[in-house]
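Undergrad: One structure coming up, written as structure tokens, with questions to follow.
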Amino acid sequence: MPSNSLMDETGVMAKPGTLYIVATPIGHRDDITLRALKILGQVDHIAAEDTRKTRRFLNRHGITASFISYHEHNERQRTPQIIGKLQGGSAIALVSNAGTPTVSDPGYRLIKSAVQNGVNIVPVPGVSAATAALSVAGMSTDAFTFAGFLSKKKGKRLRLLEQLAQEPRTLIFYESPKRILTLLNDIIDTMGDRYGVMAREMTKHHEEFLRGRLSEIGISLEARPEIKGEITLLVTGNEGASAVQWDAVTAAIRRELTTKNVSVSKIARHISQKYGVSKNKVYREALSLQQQMTED
């Protein structure tokens, strides 16, 4: 073990042949548990998504370590190597760039292989962007659905959002600043203009929370010259539109088809925003009603 290994009065000490899944800060460097620091200072190796970033962080806490690079591009090759070291008696910690490893980060392949090979796996819990954002969102927290990063492929992304549209629990997404506006528009199109909370740069100097209808959040972001920082987006679940409400939506569609000389897509956008229902669903209903009215 490294020369800075120690055992404190609580008996915390890294055990040989054990894989530790260690949560690290998502921003503020002090957001790490005492146990995590002790384990990171005791293990034989640290498997890190970005060894340079993790080394800088540990240096600030006076910890030196032996690193193994482990990220999405090399995990297939690295996994058997790490398993071999664990079986040989090494204690190894897995860390990601930020937050809890394997949650929208590399590590699933390693955990699965460790389980299959009978390796002892120990969680060292701490920060997670999903729960950090949820704790201050002011939305339902008794149950939630974590969707993480959605596919970059539009068709696959929309299909998943359609499936989540009926989910009654709070929805949690991760997204990059480059694609957040696309995600907001896709959610509005498939689920309606729901209430949401966007958390950006949590625990950092420019930490920000935007609250309101998804369209309002989008308008605020569009007005900026640039959007920076990793983003966690929370969206209210499906609270169940009543039959009475959908009757009102149908009536509104009929009125606009009759009285306004505008396209079906514009009608769908307007009514979706007004009633907070799926734009796609309104569009399909409008097409159906338009056809009926033409036949009549």
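Undergrad: Restricting attention to segment 206-217, report how many residues are assigned to a strand (DSSP E or B), under 21 Å from Ala132 (Cβ atoms) and of a type in the set (D, E, K, R).
TA: So the count comes out to 2.
Undergrad: How do the pairs read when you match residues in segment 217-228 that are surrounded by 10 or more Cβ atoms within 10 Å (Cβ to Cβ) with residues anywhere that are among the β-branched types (Val, Ile, Thr), using Cβ under 6 Å and keeping only pairs 6 or more apart or on different chains?
TA: Within 6 Å, the pairs are Leu221/Ile227.
Undergrad: Among the candidates Gly89, Gly84, Gly107, single out the residue that is at positive phi and modelled with pLDDT of 95 or more.
TA: It is Gly89.
Undergrad: Do you know which of the residues in segment 190-217 that are touching a helix residue (DSSP H, G or I) at 6+ places or on another chain (Cβ under 6 Å) and modelled with pLDDT of 95 or more is nearest to Tyr283 (Cα to Cα)?
TA: So, considering only residues that are touching a helix residue (DSSP H, G or I) at 6+ places or on another chain (Cβ under 6 Å) and modelled with pLDDT of 95 or more, the one nearest to Tyr283 (Cα to Cα) is Gly196.
Undergrad: Of Thr79, Thr54, which residue is under 25 Å from Lys204 (Cα atoms) and either among the basic types (Lys, Arg) or part of a helix (DSSP H, G or I) (or both)?
TA: Answer to the selection: Thr54.
Undergrad: Give Thr232, Thr203 a once-over and let me know the one that is closer than 27 Å to Phe144 by Cβ, of a type outside the set (A, V, I, L, M, F, W, C), in contact (Cβ under 8 Å) with a residue 24 or more places away in the chain and part of a loop (DSSP other than H, G, I, E, B).
TA: Exactly one residue qualifies, and that residue is Thr203.
Undergrad: OK, next. Residues in segment 250-269: is at least one closer than 25 Å to Glu167 by Cβ, surrounded by fewer than 20 Cβ atoms within 10 Å (Cβ to Cβ) and not assigned by TED's automatic domain parsing to the domain that holds Phe146?
TA: Yes, segment 250-269 contains at least one residue that is closer than 25 Å to Glu167 by Cβ, surrounded by fewer than 20 Cβ atoms within 10 Å (Cβ to Cβ) and not assigned by TED's automatic domain parsing to the domain that holds Phe146.
Undergrad: Residue check, Thr250 against (1) assigned to a helix (DSSP H, G or I); (2) within 27 Å of Thr131 (Cα to Cα), all met but one. Which one?
TA: All conditions pass for Thr250, except number (2).
Undergrad: Checking the structure you have, find out if any residue of segment 73-86 is small (Gly, Ala, Ser), surrounded by fewer than 18 Cβ atoms within 10 Å (Cβ to Cβ) and in contact (Cβ under 8 Å) with a residue 40 or more places away in the chain.
TA: Looking through segment 73-86, none of the residues is small (Gly, Ala, Ser), surrounded by fewer than 18 Cβ atoms within 10 Å (Cβ to Cβ) and in contact (Cβ under 8 Å) with a residue 40 or more places away in the chain.
Undergrad: Hey, another quick one. Could you check His71 against (1) under 16 Å from Gly107 (Cβ atoms); (2) part of a helix (DSSP H, G or I) and say which number it fails?
TA: (2)
Undergrad: Residues of segment 185-234 being over 13 Å from Val136 (Cα atoms), in contact with a Ser or Thr (Cβ under 7 Å, 6 or more places away or on another chain) and among the small types (Gly, Ala, Ser), which ones?
TA: Gly192 - this is the single residue of segment 185-234 that is over 13 Å from Val136 (Cα atoms), in contact with a Ser or Thr (Cβ under 7 Å, 6 or more places away or on another chain) and among the small types (Gly, Ala, Ser).
Undergrad: Does Val262 qualify as being part of a loop (DSSP other than H, G, I, E, B) and either within 27 Å of Gly212 (Cβ to Cβ) or more than 31 Å from the chain's Cα centre (by Cα) (or both)?
TA: Yes; evaluated as a whole, the condition is true for this residue.
Undergrad: Could I ask something else about it? List the number of the failed condition for Gly126; all other conditions in (1) more than 14 Å from the chain's Cα centre (by Cα); (2) part of a helix (DSSP H, G or I) hold.
TA: Of (1) more than 14 Å from the chain's Cα centre (by Cα); (2) part of a helix (DSSP H, G or I), only one is false for Gly126: (2).
Undergrad: I would also like to ask the following. Kindly provide the set of residues from segment 145-191 that are touching a residue at least 60 places away in the same chain (Cβ under 8 Å) and either exposed (fewer than 15 other Cβ atoms within 10 Å of the Cβ) or not in a helix (DSSP H, G or I) (or both), ordered by number.
TA: Listed by number, the residues that qualify are Thr145, Ala165, Gln166, Glu167, Pro168, Arg169, Thr170, Leu171, Ile172, Phe173, Tyr174.
Undergrad: So, one more: Take the residues in segment 24-37 that are surrounded by 21 or more Cβ atoms within 10 Å (Cβ to Cβ) and under 26 Å from Gly88 (Cβ atoms), then tell me which one is nearest to the chain's Cα centre (by Cα).
TA: Among those that are surrounded by 21 or more Cβ atoms within 10 Å (Cβ to Cβ) and under 26 Å from Gly88 (Cβ atoms), it is Thr24.
Undergrad: Is it fair to say Val277 is outside the structural domain of Gly138 (by TED's automatic domain parsing) and assigned to a loop (DSSP other than H, G, I, E, B)?
TA: Values: outside the structural domain of Gly138 (by TED's automatic domain parsing): yes; assigned to a loop (DSSP other than H, G, I, E, B): yes.
The answer is yes for Val277.
The values are calculated or read from the model by the stated rules, or taken from the named source; none is laboratory data. Since we're looking at a predicted model, the values are computed, not measured. Every residue, glycine among them, receives a Cβ derived from its backbone with ideal geometry; neighbour counts consider all protein chains shown.
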